[in-house]
Each structure stands twice: as structure tokens, then as C-alpha cells.
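The values are calculated or read from the model by the stated rules, or taken from the named source; none is laboratory data. Note that the structure is predicted; figures quoted are calculated from it, not measured. Virtual Cβ from ideal backbone geometry, glycine too; neighbours counted across all protein chains shown. When the accessible area is computed, the model is the full protein with side chains, heavy atoms only, and any ligands, DNA or RNA have been set aside. Shrake-Rupley method; radii C 1.70, N 1.55, O 1.52, S 1.80 Å.
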Amino acid sequence: MTIDRRNFLTLAAGGVALTAAPAILRAQPGQADAALLARAYETLHPGLYRYASPRQMAARFARLGDALGAASTLAGKYLALSRLLGTIRCGHTYANFYNQSDSVVSALFAGPNRLPFRFRWLGTRMIVTADTENVGLAPGTEVLAVDGRPAAAILTALLPLARADGSNDAKRRALLGVEGRDGYESFDVYYPLLFPMRAPDFTLTVRAPGVGKRTLRVAPI
């Protein structure tokens, strides 16, 4: 199941006014949205309790409510929702990139903020597969760090957001590569939200086959 919600938070808040119990109406900002989402998933999602008990999921939805209330940006709310959905461990459950309104797409997914090459994860190593923008990264080059952040640390931060069944981290790593196969790729969505650019260019630390470590700056796409 994917979340097909245009302007999710606005719709959730509006729906609560019509259907929620008084306790939910008195909830703090964010808690009402999380309570509505919890009720929908409890009713509709067949695998909600496959990897967690009802008590565990209730606690996670409560934490989601806190996170939604504390987040000051749409990006923060989207990441909080994505983390919650990742804990369901269902390959069909995520905040669908393709089901968002134009305003959400503009706020969350607009660039330029993407890495100018394609890559795959081999274990925790980021390996270039195509230099799409001719920035000087031969296929097989290992990207050791992006803006000083080790590749392995980037992957660790992203894995909880990626959708896959159960403990299939191989699927999560595959989804977090950039292969140019989809209009939206998980890495291109989540990485800029987690790690917004602080400079006009990316600073990469790389090691090419047969060549020592070097640093270069590349423009985002």
C-alpha cells in the first residue's frame, strides 16, 4: 500500500474535524494527523502487524505525531512520515513520490540538488557506474565521501527510509542507487532532504581504479 495523499497533512487535519473522536480533536498539532493515519493503516494495511505488535505500532504513531508537531518544514514532516512507514517493512508502503501535488513536488523534489553521476552500492561502497555529466568520474570510481560525509554513513542514514519487505537490506541498497531508470529515484529524493546543500557545488572525495585518492568539486543537476 502506498500513501496516496495530496497535501497529506492538510487533508489529514481536515478529515479529523469530521470523523475523529473528541480526544483526537484535542490532540496537539501533529498528533491528530498521526492518529488519522494510524486509524487508516489499522483498517486497511494487511501487514501492519507482521513485524511489530499493536503496542509497538501505537508507540511509533505517537512518536510520529510528536515529530510532525515539532517539524518546522514540509521536508521535516515528509522525512518523519517516511521513517514511520519504513518501520512497517513493506516493499509497497512509502510516501509515494508520484502521488504528490505540484506544490509538494516543487517544495520537496525540485533541484538542482542531485549528484551528477549514476552509481550502485556494493555493500557500503558507492561505486560510479556512469559519468552522465562528464565531470571526470570513470565507471568503477569509488566515491568515498560527499561533502565530507563518508559514503557508509550516508547509506546508514538512508536505509531506514527505503522501502523493502522484512530484512531485505539488499533491496533497500538497490533502491538507493541511482541508475536512471525512474523519474524519481529514492536517493535523489531522500539525500537532499536529509543533507541539504550548504554550498553551490558538491565536494567529492573519490578513488579511481589505479589512481590515488583525490578531491573534486562538481555542480549539482
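With an 8 Å cut-off on Cα pairs and a minimum separation of 6 or more residues, tell me the relative contact order of the chain in percent. Could you put the intermediate results ahead of the total?
Values: 336 pairs, mean separation 41.6, N = 221.
The value is 19 percent.
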**Fill in**
Checked against the positive end of the charge dipole of the chain (+1 on Cβ of Lys and Arg, -1 on Cβ of Asp and Glu, about the Cα centre), the farthest of I154, A52, T205 is A52
**Prompt:** Accessible area, 1.4 Å probe, largest first: how do R181, R83 sort?
**Reply:** R181, R83
**Complete:** A 1.4 Å probe over the protein heavy atoms gives the chain a carbon and sulfur accessible-area percentage of 53 percent
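For D33, D147, give the ranking by accessible area with the largest first, probe 1.4 Å. Before the final figure, lay out the partial values.
Numbers: D33 20, D147 65 Å².
Result of the area sort, largest leading: D147, D33.
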**Prompt:** Longest exposed-loop-site-free stretch of the chain, with chymotrypsin sites (Phe, Trp or Tyr not before Pro), DSSP loop and at most 15 other Cβ within 10 Å?
**Reply:** 52-183
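How do M126, M197 stack up against each other in accessible area, from largest to smallest, with a 1.4 angstrom probe?
Values: M126 0, M197 55 Å².
I get M197, M126, largest accessible area first.
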**Complete:** To the nearest 20 debye, the chain has a Cα-centred charge dipole, built from +1 on Lys and Arg Cβ and -1 on Asp and Glu Cβ, of 540 debye
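Which value, in debye to the nearest 20, gives the size of the charge dipole of region 88-218 about its Cα centre, when Lys and Arg are +1 and Asp and Glu are -1 at the Cβ? Walk me through the numbers before you get to the answer.
On the way: 16 positive and 12 negative charges, 91 e Å.
With Lys and Arg at +1 and Asp and Glu at -1, about 440 debye.
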